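Take a look at the structure below.
No lab work stands behind these numbers, since they all come straight from the coordinates. Predicted model, so just to flag it, every value in this text is computed and none were measured. Please note: Cβ atoms are built from the backbone with ideal geometry, for glycine as well, and neighbour counts cover all protein chains shown.
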Amino acid sequence: MKILVINCGSSSLKFQLIDSESEQVICKGLCERIGIDGSRIVYTPEGKNKITVETPMPDHNKAIELVIEALTNKENGVVSLDEIGAVGHRIVHGGEKFTKSVVINDEVIKAIEDVSDLAPLHNPANLIGIKACQKAMPGVPMVAVFDTAFHQTMPENAYLYGLHYSYYEKYGIRRYGFHGTSHSYVSKRAAEILGKDIKDLKLIVCHLGNGASVSAVKGGKCIDTSMGLTPLEGLIMGTRTGDIDPSVVEFIMKKENLSVAEVNNILNKKSGVFGLSNELSSDFRDLEDGYLNGNEGAKRAVDTFAYRVVKYIGAYTAAMGGVDAICFTAGVGENSGFTRKIIIDGLGFIGASLNEEANTVRGKEEIISNPDSKVTLMVVPTNEELAIARDTYALCK
Ligand code: AMP
């Protein structure tokens, strides 16, 4: 079966067409600047060069029409419309309602709408993507795969904040966690690579990309994760603060005469390694260059980022009563041996020993610890689209 995977943002839409049997990507692409001047679709059919079409895309319905056109057109198309057997949608927030992927029906759409105030930027865009696909492909089954679902196994003491309990009861304010599809995929893959039953493993997954999170996976279940009610909590990220004292918000508001929305924008868009490096960059490639060339801001940003990762690894080792393997994934985790080394240098306390030669790996599965390391260190590239396609196939075959 050919599965179309859709990841819909407010002004962008990423897609992949995946063959469920071979698990090959038949075509992948991106619609950019939906609803904005200068919109375009960029896609790469398997075995062909990248194709870019600049064309007006006033809304997501038009974007989906163009995706279908790209997949089925005579010249560069890779399928006929009736070959697309199912569509898998990435949904950011499933609240407490969704603990696993589900086939989309009216009730599911209503439930996703109901939790939209927990992810006001993401869930409405995800819903628009679902509705546009339903319109363009009536009768094709669709599946919702939630970023939060994998983390729903966290125990109460990990997901509750030290807030008055009534806020949890009234509004569902608690830790939910994100990147769940990635944490789930990487932990399962790590167990396969290690040749062990995941039920017997204590794993820490470090998803280090532009957004970054850590999770503790014990016996295949998530028992804690660093992101919270929203993806702002936890690690220092590209432009997001991660953990800070909540009083900082009021303090900055008063000092700089800013609104809540303005401070929120600072915490989400002007902070993280971008802010710490005095706006040198949010991209670790630039920061790495800066670090090596003696740029103080770059050094400050990367060292502070790495220290926070080490702290979480320490906390999750305690939470699980030990750790068998630590997995690095996503843009930085998969590609930056430089940043991995700075993190791993802080893990002597659990007997982690880095194989520097193996640590030069980029974007490939690799064990990067020495044989005598007390904890296995590994690079496991994530593949959220494949995980979504697998769930979609399992529910629609
Ligand atoms: P992601 O959000 O997972 O796509 O990760 C994106 C981030 O990965 C970029 O902003 C870069 O900081 C980082 N990244 C990608 N490739 C490299 C690389 N070769 N070396 C260091 N960092 C990289």
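Could you tally the net charge around residue 93, taking each other residue with its Cβ under 13 Å from the Cβ of residue 93, Lys/Arg +1 and Asp/Glu -1? Mind showing how you got there, number by number?
Working: positive: 90, 97, 174, 175; negative: 96, 113, 114, 117, 147.
Computed value for this residue: -1.
Can you give me the Rg/Rh ratio for the stretch 158-231, using Cα atoms for both radii and the Kirkwood formula for Rh? Don't skip to the end; give the middle numbers.
Details: Rg = 14.1 Å, Rh = 13.3 Å.
Computed over Cα atoms, the ratio is 1.06.
If you take every residue apart from residue 228 with its C-beta less than 15 Å away from the C-beta of residue 228, what net charge results, scoring Lys and Arg +1 and Asp and Glu -1?
-3
Between rounded, prolate and oblate, where does the stretch 298-340 land on the alpha carbon gyration tensor, with a ≥ b ≥ c its root eigenvalues, rounded for a/c under 1.5, else prolate if a/b exceeds b/c?
Oblate, because a/c is 1.5 or more while a/b does not exceed b/c.
Taking the highest mean first, how do the peptides 16-27, 161-172, 75-86, 268-279 order by number of other beta carbon atoms within 10 angstrom per residue?
268-279, 16-27, 75-86, 161-172
Using only the alpha carbons of the stretch 183-306, determine the length spanned along each of the three principal axes and report them from longest to shortest in whole angstroms.
Cα extents, longest axis first: 54, 37, 17 Å.
Listing 178, 150 from the residue with the fewest other Cβ atoms within 10 Å to the one with the most, what is the order?
Result, fewest neighbours first: 150, 178.
What's the center-to-center distance, using Cα atoms, between the stretch 273-305 and the stretch 143-185 in Å?
31 Å
Of the peptides 217-224, 234-241, 194-201, how do they stack up when ordered by the mean number of other Cβ atoms within 10 Å, highest first?
234-241, 217-224, 194-201
Choose one of 95, 12, 142: the residue whose Cα lies farthest towards the positive end of the charge dipole of the stretch 4-151 (beta-carbon charges +1 Lys, Arg; -1 Asp, Glu; about the Cα centre).
The one lying farthest along the dipole's positive direction is 12.
When the Cα centres of the stretch 6-75 and the stretch 83-115 are compared, how far apart do they sit, in Å?
21 Å
When the dipole is taken about the Cα centre of the stretch 1-102, and only Lys, Arg (+1) and Asp, Glu (-1) are charged at their Cβ, what size is it in debye, to the nearest 20?
Numbers: 12 positive and 14 negative charges, 56 e Å.
The dipole magnitude comes to about 280 debye.
Might you report the magnitude of the Cβ-based charge dipole of the chain about its Cα centre, with Lys and Arg at +1 and Asp and Glu at -1, to the nearest 20 debye? Working shown, then result.
Working: 42 positive and 50 negative charges, 60 e Å.
For the chain, the charge dipole is close to 300 debye.
How large is the dipole of the stretch 177-303 about the Cα centre if only Lys and Arg carry +1 and Asp and Glu carry -1, each at its Cβ, rounded to the nearest 20 debye?
For the stretch 177-303, the charge dipole is close to 480 debye.
Give me the percent relative contact order of the chain, please, defined on Cα pairs under 8 angstrom at least 6 residues apart.
That works out to 14 percent.
Given 199/221; 28/74; 28/50; 2/97; 14/50; 14/397, which pairs have Cα atoms separated by over 19 Å?
2/97; 14/397
So what's the net charge close to residue 200: Lys and Arg +1, Asp and Glu -1, counting the other residues with Cβ under 15 Å from its Cβ?
Taking every other residue near residue 200 into account, the sum is +3.
If you take the charge dipole of the chain about its Cα centre, with +1 on Lys and Arg Cβ and -1 on Asp and Glu Cβ, which of 166, 123, 377 is farthest toward its positive end?
166
Which of the aspartates and glutamates could a cross-linker span from residue 196 if the Cα-Cα distance has to be under 13 Å and same-chain partners fewer than 8 positions apart are dropped?
324
Report the one residue of 284, 183, 313 whose Cα lies farthest in the direction of the positive end of the charge dipole of the chain (charges on C-beta: Lys and Arg +1, Asp and Glu -1; origin at the Cα centre).
Value: 313.
Mind checking the log10 I(q)/I(0) for the chain at q = 0.06, 0.12 Å⁻¹? Debye, one equal scatterer per Cα, no solvent, two decimals.
Listed by q, the Debye log ratios stand at -0.24, -1.02.
Could you work out [θ]222 nm for the chain from helices alone, using -39500 (n - 2.57) per DSSP H run of at least four and dividing by all its residues? Round to the nearest 500 deg cm²/dmol.
Helix contribution divided over all residues of the chain: -11000 deg cm²/dmol.
Modelling each spin label as a point 7 Å along the Cα-to-Cβ direction, I'd like the residue 192/residue 134 distance in nm, to one decimal.
3.3 nm
Sorted by packing (mean other beta-carbon atoms within 10 Å per residue), highest first, where do 312-318, 361-367 land?
312-318, 361-367
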